[in-house]
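Heads up: the structure comes next, in structure tokens.
The values are calculated or read from the model by the stated rules, or taken from the named source; none is laboratory data. Computed from a predicted model, the values in this text were never measured in an experiment. Counting neighbours? That spans all protein chains shown, and the Cβs are built from the backbone with ideal geometry, glycine included. The area values use the complete protein model at the heavy-atom level, side chains included, leaving out ligands, DNA and RNA. Shrake-Rupley method; radii C 1.70, N 1.55, O 1.52, S 1.80 Å.
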Amino acid sequence: MEQDRTYPVAALVLAVITAVGMAIAGAPLWLALAVLLVWAGSLWLAVASPPPPIESATNGSFNRDDMGQFIEHAGTPLLVTENRRISIANRSARNLLGAHILGQDIRVAFRHPEAVALLERDASGQATVQGLVRRRDIWILNYQRLGEELGVIELLNQTAEADISRAHTDFVANASHELRTPLSSIIGYVETLREDAGKAPPETRAKFLDTVLGEARRLKNLVDDLMSLSRVEAEKHDLPQEHLPLRELVESAARDAAGAERQDRLDLDCEGEIEIRGDARQIEQLIRNLVDNALKYGAPEEKVSVTLHRLPEGDAELTVTDRGEGIAPEHLPHLTRRFYRTDPGRSRASGGTGLGLAIVKHIVERHRGRLDIASKLGQGTTITVRIPTVAQTAEEVS
């Protein structure tokens, strides 16, 4: 430390006087000298200046290699531009846009008017870019200028959020339409009966009442399915832990779905000693939905086959096959969407809500299973569900 202020001589004199006084008073000489030295040292430290700070050895210049290594493994696509050309692109950016973007002009790399307009400005900013990679993609492009020549581009994928919002909007619109149709019918027939005041023939009144009852039941089925779908979606991340004997569940639920009037159309072939971790209520609902659909849309004179067996790799495989008109190939990818119907008129006439297979899909997902649908026009449809067994699950855990 360097001393840059005047040493306090008066204070030092006071320290000497104090030490001499202690000696005269009979204190040991060494104690008086120690007090003097400590006092003098304290005075010296009080007037000394702290050491100067150590200057940084770096010159603050941009190092391209260091920057590239720093952002290479980031999960977000990041790019660095120099003189409006892409000089660095991390792995996520190269996977998204292609390795060829290195060295390209930003206008060639992005080819999107909003992105190019932002990147050509002399200021930082943000832009929403649609169709950057695929037609329905939505990306947020954040651009931060670091100087006259340098800039950093960050790409944030907003496609999933947009899809969820769109699906929510579509679901609300479809649900409102499905609920409004039976309600309008019920209100219309009830108002007619009320205004009629008993003047209509009994057979007409009975017909109206039958229609009201049918629409009310349809409305109840729709509300029940909406509630079921909501519960299944809320629980889909919770793996069930209850051990279920699958054969008994399949046979019982299939017979319940058929009812007394359709028992003769069931052809059951179930292997025993198959146990899964599952939710009994949801597995029964899955089976009832599949069997009821097969009986509704299969040929009335043909049987519906329900088979259950264990695959060599350990999964339990349930198949439900009808021998009806079949489903056109273009409909197959959409069958598990909410309210999707290949024939809306026929589905509504048979009491279908358009939610059965959507519920099945979510139940299968919750049980870590797999759902496959195969169909040929004029031959029928086969729906296959595969669910891990208890033994297989235990092996995976261990």
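Look at region 119-154 and say how many of its residues are closer than 20 Å to ALA74 by Cβ and not hydrophobic (A, V, I, L, M, F, W, C). I'd like the intermediate steps shown before the answer.
Applying the first criterion (closer than 20 Å to ALA74 by Cβ) to region 119-154 yields 119, 124, 126, 129, 132-133, 137, 139-146, 150-154.
Cutting the leftovers down to not hydrophobic (A, V, I, L, M, F, W, C) gives us 124, 126, 137, 142-145, 151, 154.
Adding up the residues that qualify gives 9.
For region 288-308, enumerate the residues that are over 33 Å from the mean Cα position of the chain (by Cα) and either among the basic types (Lys, Arg) or open to solvent by 10 Å² or more (accessible area, probe 1.4 Å) (or both). Don't jump to the end; show me each part of the working.
So in region 288-308, the residues over 33 Å from the mean Cα position of the chain (by Cα) come out as 295-307.
Listed by number, the residues that qualify are LYS296, TYR297, ALA299, PRO300, GLU301, GLU302, LYS303, SER305, THR307.
Restricting to region 309-343, and then to whatever is open to solvent by 60 Å² or more (accessible area, probe 1.4 Å) and farther than 24 Å from GLY278 by Cα, can you tell me which residue is modelled with the lowest pLDDT? First the steps, then the outcome.
To start, the set of residues in region 309-343 that are open to solvent by 60 Å² or more (accessible area, probe 1.4 Å) comprises 309-310, 312-313, 323, 325, 329-330, 333-334, 337-338, 342-343.
From what's left, farther than 24 Å from GLY278 by Cα: 323, 325, 329-330, 333-334, 342-343.
Numbers: ARG323: 91, GLU325: 89, PRO329: 90, GLU330: 90, PRO333: 89, HIS334: 88, THR342: 78, ASP343: 73.
Restricting to residues being open to solvent by 60 Å² or more (accessible area, probe 1.4 Å) and farther than 24 Å from GLY278 by Cα, the top hit is ASP343.
May I ask you to list pairs of residues, at least six apart or on different chains, whose Cβ atoms are under 6 Å apart, with the first in region 23-48 being surrounded by 13 or more Cβ atoms within 10 Å (Cβ to Cβ) and the second being among the basic types (Lys, Arg)?
Correct list of pairs: VAL47/ARG5.
Would you kindly identify the strands (runs of 3 or more DSSP E) lying entirely within region 196-287 that contain at least 2 residues that are surrounded by fewer than 16 Cβ atoms within 10 Å (Cβ to Cβ)?
Passing ranges, in order: 243-245, 266-270.
With of a type in the set (Lys, Arg), loosely packed, with under 14 Cβ neighbours inside 10 Å and part of a helix (DSSP H, G or I) as the only criterion, which of ARG180, ARG135 stands out?
Values: ARG135 fails: part of a helix (DSSP H, G or I).
Every option except ARG180 fails the conditions.
If TYR143 meets every condition in (1) at pLDDT 75 or above; (2) out of contact with any helix residue (DSSP H, G or I) (no Cβ under 7 Å at 6 or more places or on another chain) apart from one, which number is that one?
For TYR143, the exception is condition (2).
Counting only residues that are over 17 Å from the mean Cα position of the chain (by Cα) and assigned to a loop (DSSP other than H, G, I, E, B), which one in region 354-381 is nearest to THR181 (Cα to Cα)?
Once the filter is applied, the top-ranked residue is GLY354.
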